[in-house]
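These notes are about the structure you will find just below.
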Amino acid sequence: MTDWQHGFYKLSLAKRQQIVAHQFELTGNQQELLQRQVDGVNEQMVENYLTSFHLPEGIAVNLLVNQQKYVVPMVVEEPSVVAAASNGAKLVAKNGGFKVTSNKSMMIGQVVITDLKDVDETVHWLQQETIKILQVANQAKPSMQQRGGGATKLKIRTLKKDWLAIEISVDTGEAMGANGVNTMCEAVGHWLTDHGFNVLTAILSNFATQSLQTVTCAIKVIDLATDMMTGEQVAKKITQLSELAQVDPYRATTHNKGIMNGIDAAVIASGNDWRAIESGAHAYAAIDGAYKGLSTWQVENGYLNGTMTLPLSLGIVGGSIDIVPLVEVNQRMMAIESAVQLAQVIISVGLAQNLAALKALATNGIQAGHMELQYRSLAVAIGASESEVEQVVKQLKGIKHVDRNTATAVLNQLRKDKNNGRN
Ligand code: MEV
């Protein structure tokens, strides 16, 4: 470690920015950018805070879930995601919308004990002590029980011949509750240590299999028709793509990435922990031993039926949700009243996103549909100003093979013409 990093966390923000600017020889503009993007709330949220990294927020429209209309704020850097979610949602809304069922939202906390001399005897003892263990958990976080939730159930699983996992089911109410569950697990861990056990770890599991959401939708096959293909042809390809994601992990990974494009973007906008949702989703995709597509699509009686089940444990209060001001605005736009409702909307965004991606793959391919958005990003990337972006995009649309070089040539020509008074 070099000197300048030593004690960095103790410095004021101004000093930190100054040191970084000096260390990495930042230009005046770069230093100004670091300063301009400082945000007082964010400064309190992470260690060694330097500046804030902004991402675009757009709203997906047309979503109909359990007969209720929603708009969904999405935070994402990929140009086509919001448009695709809205398109997929529109197609489904025209056909009655998404239907989502939820099981009771419970978090799972794990306390793992190792080096057991007699596993059967320990299981027996733990079963006898169930009420006491739940009491220890609830006493560590009494506010949860006061709000009508708390630790309610224990499950004991053998992990290997002398290891056990004690799994505590916790009703975290309207919060995702990670901190609360961790506090409970640690209290149980200490209690077990006091009883002579070796506790390897005491922490929540992000594999939230007690917070499952299942979404379905049914679209008339004729509604899938394009200028070039019949609805039957499109539907057949979508079902084949669905099957491909069930048999091939390479395709399944991309199929699921498309689903998570929508889910992550909406989860971020809701102020929840999207890494927790990501890891839970991928674990669920491999629940029967092989990694598979999370959604499936089938044709029956003239309808294309889509379905997906996911562990989605989300909150509408607590953690960064109460800290980030934009989250309150986003919740207001979504008109969300409960954590389960939020999960129902977000899983629907995931299936809408997947439908849009598969339909594009089944028809024109992914690139064609979102050319304009990609050209826009390309124009920004090559340095076009706000007023130049439109013109660059317009010209790129008339060019067959577009890449960075062609876009740069277009921009240069535009500027030349402008200087010559032709624009
Ligand atoms: C791109 O971000 C996501 C897709 O690749 C998903 C898919 O292939 O299903 C379009």
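The values are calculated or read from the model by the stated rules, or taken from the named source; none is laboratory data. Just so we're clear, the structure is a prediction, and the values are computed from it rather than from any experiment. All Cβ positions, glycine included, derive from the backbone under ideal geometry; neighbour counts span all protein chains shown. Quick note on the areas: whole protein, heavy atoms, side chains included, nothing else; ligands and nucleic acids left out. Shrake-Rupley method; radii C 1.70, N 1.55, O 1.52, S 1.80 Å.
Between amide H atoms placed 1.01 Å from N, distances below 5 Å from Leu200 occur with Val112, Ile113, Thr114, all of them 5 or more places distant or on a separate chain. Helix content alone sets the calculated 222 nm mean residue ellipticity of the chain: runs of n ≥ 4 DSSP H residues at -39500 (n - 2.57) each, divided across all residues, give -15000 deg cm²/dmol. Taking amide hydrogens as placed 1.01 Å from N in the peptide plane, the amide H of Ala225 sits under 5 Å from those of Gly231, each at least 5 positions away in sequence or on another chain. The listed residues Glu243, Glu388, once ranked by accessible area (1.4 Å probe) with the largest placed first, stand as Glu243, Glu388. Close amide H contacts of Gln213 (hydrogens built in the peptide plane, cut-off under 5 Å, sequence separation of 5 or more or a different chain): Leu310, Leu312. Projecting the Cα atoms of Thr130, Val46, Ala245 onto the dipole axis of the chain, where Lys and Arg carry +1 and Asp and Glu carry -1 at the beta carbon, places Ala245 farthest toward the positive end.
When a 1.4 Å probe is rolled over the protein heavy atoms, the share of accessible surface on the chain that falls to carbon and sulfur comes to 52 percent. Sorting Phe207, Phe8, Phe24 by accessible area puts them as Phe24, Phe207, Phe8; the probe is 1.4 Å, largest comes first, and only protein heavy atoms count. Here the dipole of the chain is about 1100 debye; that uses its Cα centre as origin and unit charges on the Cβ of Lys and Arg (positive) and Asp and Glu (negative).
Over the chain, what is the relative contact order in percent, taking alpha-carbon pairs closer than 8 angstrom and at least six residues apart? Computed value for the chain: 17 percent relative contact order. Karplus-derived 3J(HN,Hα) values for the range 339-345, using 6.51 cos²θ - 1.76 cosθ + 1.60 with θ = phi - 60°, are 5, 5, 4, 4, 4, 5, 5 Hz; glycine and proline are entered as x. In loop segments of the range 37-144 as defined by DSSP, the GluC sites (Glu not before Pro) with at most 13 further C-beta atoms inside 10 Å of their C-beta are Glu47, Glu77.
Among the protein heavy atoms, those of Asp248 account for about 50 Å² of accessible surface (1.4 Å probe, every chain in place).
Heavy atoms of the protein chains alone define the surface here; on that basis the chain has 53 Å² accessible area per residue at 1.4 Å probe size. Couplings for the range 189-197, taken from phi via the Karplus curve 6.51 cos²θ - 1.76 cosθ + 1.60 with θ = phi - 60°, read x, 5, 4, 5, 4, 4, 8, x, 8 Hz in order; Gly and Pro are left as x.
At the residue level, Tyr291 shows approximately 50 square angstrom of accessible surface with a 1.4 angstrom probe and all protein chains present.
Determine the shape class of the chain: with a ≥ b ≥ c the square roots of the Cα gyration tensor eigenvalues, call it rounded for a/c under 1.5, and otherwise prolate if a/b is greater than b/c, oblate otherwise. Note, shape of the chain comes out oblate. Accessible surface of Leu373, taken over heavy atoms with a 1.4 Å probe and every protein chain present, rounds to 50 Å².
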